[in-house]
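S.K.: Here it is, the structure, as structure tokens.
What follows draws every value from the coordinates through simple rules; no lab data is involved. No experiment lies behind these values; they were computed from the predicted model shown. Here the Cβ is made from the backbone with ideal geometry for all residues, glycine too, and neighbour counts use every protein chain on show.
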Amino acid sequence: MKSFLIIGMGSFGHHLCRALAEQKCEVMAVDRCGACVEDVLPLVVSAKIGDCTNEEVLRSFDVASFDACFVCLGSDVLGSLQITSLLKELGAKKVFSKAEDDLQAKFLLRNGADEVIYPELEVATSIAVSESSDSIFDCIRLTADYSIYELQPMQRWLGKSLKELNFRAKYNMTVIAAIRGGVIRPNLGPDYTFRAEEHLLILGRSEDIRKVIR
């Protein structure tokens, strides 16, 4: 069972805590404000009240024992930078830090963050992509360049197989699953034939997706 330290129990911290608890992970939640951790007490193995910009407070948590640490302060830029740096100095295996803009993200990475989380950006990107096209129903951003798209098959693909279209080579994208009636069918073989009643989960770059749906 994996264990995680979540510092900052704002909206994102709460959602993350609940999601990890649902995955049967052990979570320690920390915030300066006691009221912020009260409602997650049934979900966590431990809840602490403390200022994590204080090295001695962080040291008392034995941060190296956690599989990953999450810094979910967001708008407290200086505090987020300090805690991220201290976590790495104290031996944290992996540090995820929440950012609200690119400048904050850049400094968090310089201060030791292994990965930066952009929750608002992820939601904004998904909505923008899906609402700007009648062919795209959802988007999960993986990196700055690559995303997974839920896509309606193009008319020109229908009745043809992945092999027949030479899909990966022609479009520079990978079909990772088909969805019909809410059921996901992964591991599609080269003989998979595109059907109008199915949606596709496609891994690719946004520029390649745009070329396809034009």
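S.K.: Enter the angle in degrees (range 0 to 90, nearest 10) between the Cα long axis of helix 77-89 and the first principal axis of the Cα atoms of the chain, meaning the one along which they spread out most.
M.R.: Tilt relative to the chain: about 80 degrees.
S.K.: If you don't mind, there's one more thing I want to ask. Residues with amide H under 5 Å of D138's amide H, sequence separation 5 or more or different chain, H placed in the peptide plane at 1.01 Å from N; which?
M.R.: For D138, whose amide H was placed from the backbone, the distant partners under 5 Å are E150.
S.K.: Here's another thing I want to ask about it. Roughly what would the spin-label model give for K93 and C33, points 7 Å off Cα along C-beta, in nm?
M.R.: Label at K93, label at C33, 3.2 nm between them.
S.K.: State the antiparallel share, in %, of DSSP beta bridges confined to the chain, rounding to the nearest 5.
M.R.: Working: 21 of 40 bridges.
So the antiparallel bridges amount to about 50 percent of the total.
S.K.: Separate question: Which angle between 0 and 90 degrees, to the nearest 10, do you get for helix 11-22 versus the longest principal axis of the chain when only C-alpha atoms count?
M.R.: 80 degrees
S.K.: Which parts of segment 1-45 would a label at S75 reach, counting a residue when its backbone N lies under 17 Å from a point 7 Å out along Cα-to-Cβ?
M.R.: Taking a point 7 Å out along Cα→Cβ of S75, the residues of segment 1-45 whose backbone N falls under 17 Å are 8-15, 32-33, 36.
S.K.: Students often forget the sequence filter, so: which lysines lie under 19 Å Cα-Cα from K211 once same-chain residues fewer than 8 apart are removed?
M.R.: Straight-line reach from K211, under 19 Å: K170.
S.K.: A further question follows. Once you measure Cβ to Cβ distances between cysteines in the chain, which Cys have no partner under 4.7 Å?
M.R.: Result for the chain is C17, C25, C52, C69, C72, C139, no neighbouring Cys Cβ within the cutoff.
S.K.: Enumerate the lysines that K24 could reach by cross-link, defined here as Cα to Cα under 17 Å, with residues fewer than 8 away along the same chain left out.
M.R.: Result set, ordered by chain and number: K2.
S.K.: Ordered by residue, what ³J(HN,Hα) values in Hz, to whole numbers, does segment 207-212 give under the Karplus form 6.51 cos²θ - 1.76 cosθ + 1.60, where θ = phi - 60° and Gly and Pro are x?
M.R.: Listing the rounded values in order: 5, 6, 4, 4, 4, 5 Hz.
S.K.: Separate question: Would you please give the FRET efficiency between V45 and V183, computed as 1/(1 + (r/R0)^6) with r the Cβ-Cβ distance and R0 = 30 Å, to the nearest 0.05? All intermediate terms of the calculation are to be shown ahead of the outcome.
M.R.: Working: r = 36 Å, r/R0 = 1.18.
Taking R0 as 30 Å, the efficiency between V45 and V183 is 0.25.
S.K.: List every residue whose amide H lies under 5 Å from the amide H of V27, counting only residues 5 or more places away in sequence or on a different chain, with H placed 1.01 Å from N in the peptide plane.
M.R.: Placed amide hydrogens put F4, V45, S46 under 5 Å from V27.
S.K.: Here is a follow-up. Kindly provide the helix-only [θ] at 222 nm of the chain, computed as the sum of -39,500 (n - 2.57) over DSSP H runs of four or more divided by all residues, to the nearest 500 deg cm²/dmol?
M.R.: Details: 9 runs with 73 residues, N = 214.
Value at 222 nm, helices only: -9000 deg cm²/dmol.
S.K.: Could you name the lysines whose alpha carbon sits less than 18 Å from that of K106, not counting residues in the same chain fewer than 8 places away?
M.R.: Excluding near neighbours in sequence, the set is K88, K94, K98.
S.K.: Oh, and also: Please go through segment 32-102 and write out the chymotrypsin sites (Phe, Trp or Tyr not before Pro) that DSSP classes as loop and that have at most 13 other C-beta atoms within 10 Å. Show your work: numbers first, answer last.
M.R.: Details: sites: F61, F66, F70, F96; in loops: F61, F66.
Filter output for segment 32-102: empty list.
S.K.: Taking the beta-carbon count within 10 Å as an exposure proxy, list S85, S147, S60 from fewest neighbours to most.
M.R.: Numbers: S85 19, S147 22, S60 11.
Least to most surrounded, the residues fall as S60, S85, S147.
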